[in-house]
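The values are calculated or read from the model by the stated rules, or taken from the named source; none is laboratory data. Predicted model, so just to flag it, every value in this text is computed and none were measured. So basically every Cβ, Gly included, is an ideal-geometry build from the backbone, and we count neighbours across all protein chains shown.
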Amino acid sequence: MNRNVLKIGCILTACAMLISGCKAKKSSDSFFAMNTYMTFTVYGGESEEIIAEAEERAAALEKIWSVTDKNSEIYKINNSSGAPVAVSDETIELIEFSLEMSAETGGAFDPTIYPVLTSWGFTAGENKVPSEEELSEALKKTGCANIDISGNHVTADNGAMLDFGGAAKGFTGDILTEFLRSRGVSSALLDIGGNIQAIGTKLDGSLWKIGLRNPFSEGILGTLEISDTAVVTSGNYERFFVDSDGRIYGHIIDPKTGYPVDNGLMSVTVIGGEGKVCDVLSTALFVMGRDKAIDFYQSNGDFDMILVTADKEIYITSGISDSFTLNEELEGMRISLIE
Ligand code: AMP
Ligand code: MG
């Protein structure tokens with residue numbers, strides 16, 4: 001081949017590489033795991049392979065944490081009749097963290113609430129209002145004191161059962177974020193059934209703009225602009241049933257009464273560095289109600305939050321008030337700042 005032709009060929013290839021190098025690849029994929037849709041968006045050269053691996057990791061975590069899969073570690077603990085069960089490091093971490101957070105939130109977050117959830121039919125999908133006797137029997141089985149950890153063995157005494165519906169997605173978000181970072185990803189958005197975990201900023205350096213769901217109807221409450229942050233929302237509007245009198249019962253239970261939370265809050269969004277903390281807190285603050293949630297924030301405030309009440313008020317902490325924009329169609333809603 002003529003030397004000049006070879007030279008021109010090399011120059012053209014280099015130019016093509018330069019151009020494609022400037023325009024980094026974006027990959028996005030949705031799949032179903034942990035009873036919800038997850039959508040991962042990743043920028044960078046190997047983004048497709050990295051997403052495929054992240055999906056495998058999420059599916060593997062579902063396999064060990066599912067409450068219904070008979071082969072899961074949680075199922076084995078829940079059905080061991082008080083015998084110690086050997087579990088993985090991830091499960092020990094999840095349980096230890098949840099027990100700590102249960103203590104920190106004064107029991108508002110309770111990973112042993114499963115027997116009560118079952119009596120309301122939330123686990124089988126056949127909802128019903130339980131009798132007082134059934135509820136008090138179920139409540140007797142709850143309590144973190146029934147869970148014992150020794151090395152990698154977990155024991156659930158007195159009929160206690162674990163359920164991480166209120167924490168596992170946030171925990172998964174942290175594990176996947178760590179994995180993506182270890183693979184050199186510096187720009188990604190993970191949507192884990194509405195739990196958002198942002199890595200870095202968008203490729204052009206601008207913030208990720210995410211929509212917060214309107215708890216009253218379809219559509220969004222507003223948008224938040226974030227980077228390197230987790231955003232998690234809890235609300236009884238996500239999963240509920242209505243009895244013959246039209247009363248609404250939601251899937252977040254007040255562990256003190258065994259009844260679905262009904263305290264005038266519609267939703268709680270928690271914004272912070274770690275998905276697991278945001279996930280646990282969004283559930284716990286929802287249980288606490290507006291006033292106790294504000295007190296908790298003021299004494300533990302290493303996070304931000306947005307509370308939406310049934311009387312259409314929005315309470316927002318000062319750390320994120322500038323990042324939040326209310327949906328124009330909802331301008332009647334009152335916004336109060338929490339310092
Ligand atoms: P989330 O959407 O993160 O607030 O989690 C709600 C899920 O957590 C429910 O569907 C139950 O599986 C579980 N759950 C309900 N009430 C509680 C509670 N008080 N503490 C911990 N988990 C709960
Ligand atoms: Mg939660």
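List of remarks:
- Selected residue [touching a Ser or Thr at 6+ places or on another chain (Cβ under 8 Å) and within 14 Å of ligand 2 (Cβ to nearest atom)] from 306, 314, 271: 271
- Residues satisfying the stated conditions in the stretch 94-123, i.e. surrounded by 15 or more Cβ atoms within 10 Å (Cβ to Cβ), part of a helix (DSSP H, G or I) and aliphatic (A, V, I, L, M): 94, 95, 99, 101, 116, 117
- Residues in the stretch 151-168 that are more than 15 Å from ligand 1 (Cβ to nearest atom) and assigned to a loop (DSSP other than H, G, I, E, B) were compared, and the one that is surrounded by the most Cβ atoms within 10 Å (Cβ to Cβ) is 159.
- Set 46, 133, 126: member being modelled with pLDDT under 95, more than 24 Å from residue 175 (Cα to Cα) and surrounded by fewer than 19 Cβ atoms within 10 Å (Cβ to Cβ): 126
- Unmet criterion (only one of (1) among the aromatic types (Phe, Trp, Tyr); (2) within 16 Å of ligand 2 (Cβ to nearest atom); (3) without any contact (Cβ under 8 Å) to a residue 40 or more places away in the chain) for residue 122: (3)
- The residue of the stretch 201-244 that is surrounded by the most Cβ atoms within 10 Å (Cβ to Cβ), among those that are within 30 Å of residue 183 (Cα to Cα) and within 16 Å of ligand 1 (Cβ to nearest atom), is 232.
- Some residue of the stretch 116-135 being within 13 Å of ligand 1 (Cβ to nearest atom), within 17 Å of the chain's Cα centre (by Cα) and under 22 Å from residue 241 (Cα atoms): no
- Selection count, the stretch 150-202, where residues are under 24 Å from residue 255 (Cα atoms), over 10 Å from the mean Cα position of the chain (by Cα) and within 16 Å of ligand 2 (Cβ to nearest atom): 3
- The number of residues in the stretch 220-235 that are part of a strand (DSSP E or B), within 17 Å of residue 193 (Cβ to Cβ) and either of a type in the set (Gly, Ala, Ser) or free of Cβ contacts under 8 Å to residues at least 40 places away in the same chain (or both) comes to 2.
- Residue count for the stretch 171-200, restricted to those that are within 16 Å of ligand 1 (Cβ to nearest atom), farther than 21 Å from residue 225 by Cβ and either in a helix (DSSP H, G or I) or at pLDDT 95 or above (or both): 3
- All positions within the stretch 73-99 that are within 15 Å of ligand 2 (Cβ to nearest atom) and either closer than 25 Å to residue 289 by Cβ or without any contact (Cβ under 8 Å) to a residue 40 or more places away in the chain (or both): 97, 98
- 1 or more residues out of contact with any Gly (no Cβ under 7 Å at 6 or more places or on another chain) and without any contact (Cβ under 8 Å) to a residue 60 or more places away in the chain: qualifying strands (runs of 3 or more DSSP E) within the stretch 238-338: 240-242, 248-250, 265-272, 304-309, 313-317, 334-338
- Out of 90, 73, 100, 104, sole residue that is out of contact with any helix residue (DSSP H, G or I) (no Cβ under 8 Å at 6 or more places or on another chain) and not aliphatic (A, V, I, L, M): 100
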